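**Student:** Please find one structure pasted underneath; my questions will follow.
The values are calculated or read from the model by the stated rules, or taken from the named source; none is laboratory data. Because the structure is a prediction, the values reported are computed rather than measured. For neighbour counting, all protein chains shown are included, and Cβ atoms are generated from backbone atoms with ideal geometry for every residue, glycine included.
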Amino acid sequence: MNKELWDKAVAFHGHQCPGLAIGVRAAIIVLEKFAADRAEDEELVCVTENDACGVDGIQAILSCTMGKGNLLLRPTGKQAFSFFERKSGRTLRLYLKPLPEEMTREQKIRYILEAPAEEVFTFGKPSFQLPERARLFRTVICEQCGEGAPEHKIRLQDGKKVCLDCFKDYSRGW
């Protein structure tokens, strides 16, 4: 276990937990497999399939963040992370295997951080392509609430430009 990286992630997240350990271990595996450093921009991309504690480990260790556009949420609810290295084209999907039962919280943390990586995660390839780089969009003012939103999030309703909060979706069940 890399104590320095663990302590850094704990300081970022606020406490120690098995969920954080999942993200820290995934990040350390990516650092080793890709021979990568922290992401300065979008050279390393993580698509997380959950919004749980492990995502903080990814952010703290790899510097993949939503603000930079290299941390994206694909909400399947699975404990899975897909990584893309833009320059080399390398990819890796890590899916958490079921943890051994009857472990304390501390034992789970230690197991996740120290057991052989192949016991903790299933290694595979992402089932989707590398997302495009983050784009900048013009801000459009919602004609209902007056708040600005990026143009790709604006809808037309009753002839007015409205944000997603003001938009009343019309669906007849399909």
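**Student:** For the stretch 88-105, name all the residues that are in a loop (DSSP other than H, G, I, E, B) and within 16 Å of PHE34 (Cβ to Cβ).
**Tutor:** If the condition is that a residue be in a loop (DSSP other than H, G, I, E, B) and within 16 Å of PHE34 (Cβ to Cβ), then SER88, GLY89, ARG90 are the ones that fit.
**Student:** Any idea which of ARG133, ARG90, ARG105 is in contact with a helix residue (DSSP H, G or I) (Cβ under 7 Å, 6 or more places away or on another chain), within 30 Å of VAL24 (Cα to Cα) and surrounded by fewer than 13 Cβ atoms within 10 Å (Cβ to Cβ)?
**Tutor:** None of the others qualify; the one that does is ARG105.
**Student:** Quick one: which strands (runs of 3 or more DSSP E) lie wholly within the stretch 11-87 and hold at least 3 residues that are modelled with pLDDT under 95 and of a type in the set (Asp, Glu)?
**Tutor:** none
**Student:** Are any of the residues in the stretch 119-131 touching a residue at least 40 places away in the same chain (Cβ under 8 Å) and charged (D, E, K, R)?
**Tutor:** no
**Student:** State whether one or more residues within the stretch 156-168 are of a type in the set (Gly, Ala, Ser) and under 25 Å from ALA52 (Cα atoms).
**Tutor:** No: zero hits.
**Student:** Next question, about the same structure. Of a type in the set (A, V, I, L, M), under 30 Å from LEU20 (Cβ atoms) and at pLDDT 95 or above: does that describe ILE109?
**Tutor:** yes
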